[in-house]
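Encoded as structure tokens, the structure appears first; notes follow it.
The values are calculated or read from the model by the stated rules, or taken from the named source; none is laboratory data. Since this is a predicted model, take the numbers as computed values, not measurements. Every residue, glycine among them, receives a Cβ derived from its backbone with ideal geometry; neighbour counts consider all protein chains shown. The area values use the complete protein model at the heavy-atom level, side chains included, leaving out ligands, DNA and RNA. Shrake-Rupley method; radii C 1.70, N 1.55, O 1.52, S 1.80 Å.
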Amino acid sequence: MPRFFFDIHDSDGLFRDDAGLELENMDVAVGMARRTLSDMVRDAFRDPQTTELSVQIRDGSQGPVVLTVKLETRDEAEDQSR
């Protein structure tokens, strides 16, 4: 089975995965990265400094594949008054 590495980027910086996980294929790795991002988004709502989260999947043959979530706060009333 191929080994996939999941590098995490959040408001604290970049965390490079040096251990990786053996998974069946890239589709399984992407599913795992999506679940990880889901958990990260939940935590990010508590930190107003967080504006972008990403997981980069590396495996040596495919990719890298990057999944990104951008967090934006918009005041609709303020936008309309301009």
>> Given the -39500 (n - 2.57) contribution per DSSP H run of 4+ residues, what per-residue ellipticity at 222 nm results for the chain, rounded to the nearest 500 deg cm²/dmol?
In response: -9000 deg cm²/dmol
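Tell me the net charge near Arg3. Cut-off is 13 Å between Cβ atoms, Arg3 excluded, with +1 for each Lys or Arg and -1 for each Asp or Glu.
Values: positive: Arg58; negative: Asp17, Asp18, Glu22, Glu24, Asp59.
It works out to a net charge of -4.
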> Given the options Ala33, Ala19, Ala44, which has the most mean-square fluctuation in a GNM of the chain, springs set between C-alpha atoms less than 10 angstrom apart?
Replying inline: Ala19
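Magnitude of the Cβ-charge dipole of the chain, K/R +1 and D/E -1, about the Cα centre, nearest 20 debye?
Working: 10 positive and 18 negative charges, 30 e Å.
In total the dipole reaches around 140 debye.
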>> As an exercise, identify the trypsin sites (Lys or Arg not before Pro) in the range 1-49 lying in DSSP coil whose Cβ has no more than 12 other Cβ atoms within 10 Å.
In response: Arg16, Arg46
> Heavy-atom accessible area per residue, the range 2-74, 1.4 Å probe: how many Å²?
Replying inline: 68
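Are there any GluC sites (Glu not before Pro) in the range 3-82 that are in a DSSP loop and have at most 12 other Cβ atoms within 10 Å? List them by number.
For GluC sites (Glu not before Pro) across the range 3-82 that sit outside H, G, I, E and B with at most 12 neighbouring Cβ atoms in 10 Å, the list reads Glu24, Glu72.
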> Taking all protein chains as present, what is the carbon and sulfur share of the accessible area of the chain, in % to the nearest whole number, probe 1.4 Å?
Replying inline: 47
> In degrees from 0 to 90, rounded to the nearest 10, what is the angle of the helix 26-44 Cα long axis to the longest principal axis of the chain?
Replying inline: 30
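If you filter the range 1-73 for chymotrypsin sites (Phe, Trp or Tyr not before Pro), then keep DSSP loop positions with at most 13 other Cβ within 10 Å, what is left? Before the final figure, lay out the partial values.
Numbers: sites: Phe4, Phe5, Phe6, Phe15, Phe45; in loops: Phe45.
Listed in order of number, the matching sites are Phe45.
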> Among Thr73, Met26, Phe6, whose Cα sits farthest toward the positive end of the charge dipole of the chain (+1 at Cβ of Lys/Arg, -1 at Cβ of Asp/Glu, about the Cα centre)?
Replying inline: Met26
